[in-house]
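K.L.:
Shown below is the structure under consideration.
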Amino acid sequence: PEIMGFRIMTGVAHAFFWPPCESIISKESTEKNRVRNISWFTMFFVLGFMIGPLLGTVFLEGEDITYRVLFQITAFILATAIVSSLLLSRKNRKVHHERFSLASLKEMKKFPELIILLIFCTSSFGIILSIYPAFLNDNGMTDTDILLLYFAFGVSRVVSLALAGKFSRRTSQTLIAATLAVSVGLALSAVSDSIIVYGIALVLMGFGFSIFFPLTLEIILSKTRKEISGKMIGAYETVFGIGWAVGPTIGGPITQSFGAQAPYLVFFVIGIGVTILAIISRKKLEPMREQRI
């Protein structure tokens, strides 16, 4: 129960942290550098995601400490980051007057194609973060192998996010490539029996997942009035969270009923359908560069 409580608290904290950060970055950015700034923000988050497990492994294997001490170190780092952020930002506080409204979710109905793409990618992402490590272990990958594979996944994500600004010049083509990369990565995962093929699959999916989110968010923000951009980011993250929950929720039962490879084959087929939808709707997958509605 303690771990469940911890997971709930971290989930709530993440939900409160991420949308305001994206909203601040969006409002402080110009149209030309918004994709780059949001991508770099995510990139630094991913870097932490990569470094944290590696340092944790070093502490556990090289020092005589327990998981409890590791959590205490983590809590100290978080507290230091919070205090530092408050001290650095105290002279730059701004008052925001946006209020929470469920109407912002209705605004997302203007982007049905994006919602479908977003649900697919976030569901697949949820599976890769939740049940994929166990899948790798069942297929003969050691703990070290899994660590190396996810490190390659992280490197792919960091590089993709660093280049997101350049990819945004061809948004629709990049989104089509991203959904196809995720689909191919899922298919390779289903048929793979070696660490090299798993590595290729994770690199492809790392590109697809990472490049997808800043570009789709840019499409929505470019077609939204700046006064309600914060609400739209919240609505976007809500859809993101729904997909993140749907993937593992249906992936687990599919695994139990049809085998370990089944979820990846199912999502591969769905991904091909989503890729075809993206090709058909490619004109709607471009941001509005000049005029806002």
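The numbers here are math on the coordinates, done by the rules we state, and not lab data. As the structure is a prediction and not an experimental result, all values here were calculated from the model. Cβ atoms come from the backbone with ideal geometry, glycine included; neighbour counts cover every protein chain shown.
K.L.:
What per residue convex hull volume, in Å³, comes out for segment 30-172 when only alpha-carbon positions are used? Write down the numbers at each step before the final one.
P.N.:
Numbers: hull volume 28.0 nm³, N = 143.
That works out to 196 Å³ per residue.
K.L.:
Okay, next question. Between residue 109 and residue 6, what FRET efficiency follows from the Cβ-Cβ distance if R0 is 41 Å, with the result rounded to 0.05? Spell out each step's value before the answer.
P.N.:
Working: r = 35 Å, r/R0 = 0.86.
Taking R0 as 41 Å, the efficiency between residue 109 and residue 6 is 0.70.
K.L.:
Which one of 71, 56, 163 has its Cα pushed farthest toward the positive end of the charge dipole of the chain, where Lys and Arg give +1 and Asp and Glu give -1 at the Cβ?
P.N.:
163
K.L.:
Relative to the Cα centre, what is the charge dipole magnitude of segment 22-163, using +1 at the beta carbon of each Lys and Arg, -1 at the beta carbon of each Asp and Glu, and rounding to the nearest 20 debye?
P.N.:
Details: 14 positive and 12 negative charges, 236 e Å.
Taking the Cα centre of segment 22-163 as origin, the dipole is about 1140 debye.
K.L.:
Fully extended, how many nm does the chain gain between residue 250 and residue 288 (0.36 nm per residue separation, minus their Cα-Cα distance)?
P.N.:
10.2 nm
K.L.:
What's the magnitude of the charge dipole for the chain around its Cα centre, counting Lys and Arg as +1 and Asp and Glu as -1 at the beta-carbon? Answer in Debye, nearest 20.
P.N.:
On the way: 27 positive and 19 negative charges, 382 e Å.
For the chain, the charge dipole is close to 1840 debye.
K.L.:
Multiply the residue gap between residue 191 and residue 55 by 0.36 nm, knock off their C-alpha separation, and tell me the result in nm, one decimal place. Don't skip to the end; give the middle numbers.
P.N.:
Details: separation 136, 0.36 × 136 = 48.96 nm, distance 3.21 nm.
That works out to 45.8 nm of additional length.
K.L.:
Pop a pseudo-label 7 angstrom from the Cα along the beta-carbon direction at both residue 85 and residue 228 and give the gap in nm to one decimal.
P.N.:
For residue 85 paired with residue 228, the spin-label model returns 2.7 nm.
K.L.:
Take residue 33 and residue 159, extend 7 Å from each Cα along the Cα→Cβ direction, and tell me the distance between the two endpoints in nm.
P.N.:
Modelled inter-label distance: 2.6 nm.
K.L.:
Hey, another quick one. Relative to a virtual label point 7 Å from the Cα of residue 21 in the Cα→beta-carbon direction, which members of segment 228-249 show backbone nitrogen distances below 14 Å?
P.N.:
Answer for segment 228-249: none.
K.L.:
Enumerate the aspartates and glutamates that residue 223 could reach by cross-link, defined here as Cα to Cα under 19 Å, with residues fewer than 8 away along the same chain left out.
P.N.:
22, 28, 31, 98, 107, 113, 237, 286, 290
K.L.:
If you take the charge dipole of the chain about its Cα centre, with +1 on Lys and Arg Cβ and -1 on Asp and Glu Cβ, which of 19, 130, 147 is farthest toward its positive end?
P.N.:
Towards the positive end, the residue furthest out is 19.
K.L.:
Taking H placed 1.01 Å from N in the peptide plane, check which residues at least 5 places from residue 223 or on another chain put their amide H under 5 Å from its amide H.
P.N.:
Those qualifying (amide H under 5 Å, at least 5 residues apart or on another chain) are 288.
K.L.:
Remind me, relative contact order of segment 189-266 in percent, using alpha carbon pairs under 8 angstrom and six or more residues apart?
P.N.:
On the way: 24 pairs, mean separation 28.3, N = 78.
The normalised contact order for segment 189-266 reaches 36 percent.
K.L.:
Using a simple spin-label model with points 7 Å from Cα along the Cα→Cβ vector, what separation in nm is obtained for residue 63 and residue 13?
P.N.:
Computed distance between label sites residue 63 and residue 13 equals 1.9 nm.
K.L.:
Also, quick follow-up: Longer than 18 Å from Cα to Cα, which of 32/166; 110/231; 226/284; 32/91; 32/109; 110/284 are they? Say none if no pair is. Intermediate values should be presented prior to the final figure.
P.N.:
Details: 32/166 11 Å; 110/231 14 Å; 226/284 20 Å; 32/91 27 Å; 32/109 26 Å; 110/284 11 Å.
Beyond 18 Å between Cα atoms: 226/284; 32/91; 32/109.
K.L.:
Treat the count of other C-beta atoms within 10 Å as a stand-in for reagent exposure and order 280, 195 from fewest to most. Don't jump to the answer; show the numbers that get you there.
P.N.:
Details: 280 10, 195 18.
Ranked by crowding around the Cβ, least crowded first: 280, 195.
K.L.:
Moving to a separate point now. Tally Lys/Arg at +1 and Asp/Glu at -1 over every other residue whose Cβ is under 15 Å from the Cβ of residue 129; what's the total? List each step's numbers first, then the result.
P.N.:
Numbers: positive: 7, 157; negative: none.
Summing Lys and Arg as +1 and Asp and Glu as -1 gives +2.
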